[in-house]
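What follows is a single structure, written as structure tokens, with notes after it.
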Amino acid sequence: MTKAVCPGSFDPVTNGHLDIFTRAAAQFDEVTVLVTGNPTKNTGLFTVAERMELIREVTDHLPNVTVDNWAGLLVDYTTAHGATALVKGLRSSLDYDYELPMAQMNRRLSGVETCFLITDEKYGYVSSSLCKEVVKYGGSVTGLVPDAVVAAMEKKMRGEARG
């Protein structure tokens, strides 16, 4: 059985992330979307728990995808859970330059391989940070993040609790 982990902060999850999760789910028997960050620290737009809830909601159509969180070394998680691959989406050569040394270190530390998936060109410019900035100033991110995330972002910006 092949197990892969898609790690990231996902604050918020975008349609580009969802595309990578979907494509990874077609390649591996089990895929864990791993929200990285300290669950006791509320940094970012959404808490770790809120991010996990949103990811579960938008991946519920993918039966082999689960969601978890981790605040330690990624290789400790992959070792503890029997994952043999990390899956990362690459939008540009800048992402590759950032991800390559981490992939090499992870492989050295635990033997885990990193599989890079090239982002679909329609999501090449989409980032969580950019989406948060657009919503902060009243712009629309419809089509860039799943509809459930659009609604959650708008509620957050209005100061309402997700529910």
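Nothing in this text is a laboratory measurement; each read-out follows from the coordinates by a stated rule. Here the structure is a predicted model, which means the values were calculated and not measured. When we count neighbours, we look across all protein chains shown, and the Cβ atoms used for this are built from the backbone with ideal geometry, even at glycine.
Which value, in nm² and rounded to one decimal, describes the direction-averaged projected area of the C-alpha convex hull of the chain?
Average projection, Cα convex hull of the chain: 9.4 nm².
Report the FRET efficiency, 1/(1 + (r/R0)^6), for Y137 and A26, where r is their Cβ-Cβ distance and R0 is 45 Å, rounded to 0.05.
Values: r = 37 Å, r/R0 = 0.81.
Computed FRET efficiency for Y137 and A26 comes out at 0.80.
Could you tell me the center-to-center distance, by alpha carbons, between region 8-40 and region 54-70 in angstrom?
If we compute the Cα centre of each part, the gap is 8 Å.
What length, rounded to one decimal in nm, is gained on full extension from A80 through to R158, with 0.36 nm per residue of separation minus their alpha-carbon distance? Kindly include the intermediate steps, with their values, before the conclusion.
Working: separation 78, 0.36 × 78 = 28.08 nm, distance 3.98 nm.
Full extension from A80 to R158 adds 24.1 nm.
Which of the lysines could a cross-linker bridge to K155, judged by Cα under 20 Å and excluding same-chain residues fewer than eight apart?
The qualifying lysines are K132, K136.
Stretch R108-H61 to full length: gain in nm at 0.36 nm per residue minus the Cα-Cα span?
Numbers: separation 47, 0.36 × 47 = 16.92 nm, distance 3.47 nm.
That works out to 13.5 nm of additional length.
Identify the residues of region 84-105 with backbone N under 20 Å of a label point that sits 7 angstrom from the Cα of L73 along the Cα-to-Cβ direction, or state none.
Answer for this model: 84-87, 99-105.
Among V75, F46, V87, which residue has its Cα furthest toward the positive end of the charge dipole of region 3-124, with +1 on Lys/Arg Cβ and -1 on Asp/Glu Cβ?
Positive-end residue among those listed: V75.
Going Cα to Cα from K156, which aspartates and glutamates come in below 15 Å? Please leave out same-chain ones fewer than 8 positions away.
D11, E50, E53, E133, D147
Select from region 104-163 those GluC sites (Glu not before Pro) which occupy a DSSP coil region and have at most 16 other Cβ atoms within 10 Å, ordered by residue number. Walk me through the numbers on the way to the answer.
On the way: sites: E113, E121, E133, E154, E160; in loops: E160.
Taking region 104-163 and a limit of 16 other Cβ atoms within 10 Å, the loop GluC sites (Glu not before Pro) found are E160.
With just the Cα atoms defining each centre, how far is region 74-89 from region 111-133? Give it in Å.
About 18 Å separates the Cα centre of region 74-89 from the one of region 111-133.
What ranking of R108, R158 emerges when the number of other C-beta atoms within 10 Å of each C-beta is taken as an exposure proxy, fewest first? Kindly include the intermediate steps, with their values, before the conclusion.
Details: R108 10, R158 7.
Ascending number of Cβ neighbours within 10 Å: R158, R108.
At 7 Å along Cα-to-Cβ for each site, give me the label-to-label distance between L94 and L130 in nm.
0.9 nm
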